[in-house]
1. Less than 21 Å apart at the alpha-carbon level, and either on another chain or at least 8 residues along: which lysines does that give for K291?
2. Place +1 on the Cβ of every Lys and Arg and -1 on the Cβ of every Asp and Glu in the chain, take the dipole about the Cα centre, and give the residue among N72, L155, L454 whose Cα lies farthest towards its positive end.
3. Tell me the mean residue ellipticity at 222 nm calculated for the chain from its helices only (DSSP H runs of n ≥ 4, each -39500 (n - 2.57), averaged over every residue, nearest 500).
4. Can you list residues whose amide H is under 5 Å from G311's amide H, if they're 5+ apart or on another chain and H is modeled 1.01 Å from N?
5. Which far-off residues, 5 or more places away or on another chain, put their amide H under 5 Å from the one on A259, with H placed in the peptide plane?
6. Cut-off is 10 Å between beta-carbons; in what order do W89, W453 appear when sorted fewest neighbours first?
7. Can you figure out the FRET efficiency of N200 with S250, using R₀ = 51 Å and their beta-carbon distance, to the nearest 0.05?
8. Dipole of the chain, Cα-centred, from +1 at each Lys and Arg C-beta and -1 at each Asp and Glu C-beta, to the nearest 20 debye?
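Computed from the coordinates by the stated procedures, all read-outs in this text should not be read as laboratory data. None of the values given here were measured: they were computed from a predicted structure. Every residue, glycine among them, receives a Cβ derived from its backbone with ideal geometry; neighbour counts consider all protein chains shown.
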Amino acid sequence: MRRIKILFIFLCSAYTLPCAAQLSADTLSIEQFILWVDSYHPLMKAVNAKLPIAKAELLKRRGQFDPVLAGNLSNKTYENENYYNLPSWSLSTATAGPVRIDLDWNATAGLYTNPQDKLPEEGLFAIGGMLELGNGLFTDERRTALRLAKAGVHLGAAEAELYRNELLFKASKDYWKWFEAQQNSLAYFSALQAAKEIQNMTRQAFLAGDASGMDTLDANGLVSTWEAAYFSARQKSIQALFTMSNWLWSDAGQPIVLAENVLASRSLPQRTNMSMQLTDGHPLFQYNNAKERQFELKENLAKEYLKPKLGVGGAFLLPGNFETIPTASDFNERNRIVKAKVAVPLLLREGRGYSKSQSLQTEQFKWERDAQENAWTNQLNATAQSLLLLEKALDANQRNAQNMEALLLAEREKLLMGDSELLKVNLRTSYFAKALIQQAEAQSQLGIKWAEWLQLSAGF
């Protein structure tokens, strides 16, 4: 797919973000970035399809209980003789219980019909069904599949939310790496500009006879050193920009690459009271609860295989015309069909194996669930405590950068007064650039850790 390089101001005018949020022409905050990714990225659209898919599967399983109307006609005519004419139709439906209900109509006509199939001229209705008393009394494959699909809806919703949070965390990491690389590039650019100012001052002093040729060579060397550092940092910044831009798509489904002059915002979301415990509404709990429910349903189905297959059923027979409305007296033992079935596995090896396997799988899942939830909670606690420490680290780095800047300015003033030398100014410039880089790194780490906490707490 063709990528579109676009100035951000055009991006803002061409597309409208959800809510009332408007993107600046020169900055992109983490909040705006997350909103954009959440709204338009293809993987987010794929995530949003998980729940409809689960609901469609539920509809499919409910369809197994739809009434089925069927008809059949068999006719044979040979040498103008009606050998047989056997029309029939049936209406059958499964229920939420162990009962199947059937309504049948059959008729027979012709010279050569089976004596046992002989029916009244108007045909015969059969109203009845089948009741499972053994295997299939409490559940069967059809009812289990329906219940699994119902649990699958909750599973799909929780899975979608977990995956969404994971994607937004990955996107946030790329944003803060872009921020750090961009700030590094700007720090080296500032150092380069300072070196060029010193180079210019040194050249003028040399022309005035107040500086030696060695001083101009030193100044030129400083510029070359900072140029090399700046171009290397800028290359990394551009690479980080393209990596971050992988998350940006238009509402028309076109990928977007931001212009290089768009800046990442320094602003961080304000820290609120952070919960260190997973609530019952957490998608991880919702996912595991739905998964456990599915395991229990499969285990219940497996237990049915330990029972013999027992069933009773039958039907009441009624004349195939509606000249009179059937009454209670028409449903009597003189006009009926009685059915019974029994099947008993003698060794029950299939049932015992199936039941044991499902029981062990359920137990295995519970152990894995407990370990996962414990690890998740511990990680949430560790992340929350790391946030507090990283906030203090960022504050310390900000103060250090301010101090290094003040020292650099003072050293440059001393150089202008003739009380310093290029080596000291360059050293102060290096300290200041390093302080800016450390500040950017601390802010990036804090931003990534904040995004991690949002993912773990399902707070995106």
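1. K291 reaches K50, K55, K60, K150, K303, K356, K366.
2. N72
3. -20500 deg cm²/dmol
4. When sequence neighbours closer than 5 places are left aside, the close amide H contacts are L133, K341.
5. Residues meeting the amide H criterion: I6, F8.
6. By the 10 Å Cβ count, ascending: W89, W453.
7. The calculated FRET efficiency here is 0.70.
8. Taking the Cα centre of the chain as origin, the dipole is about 680 debye.
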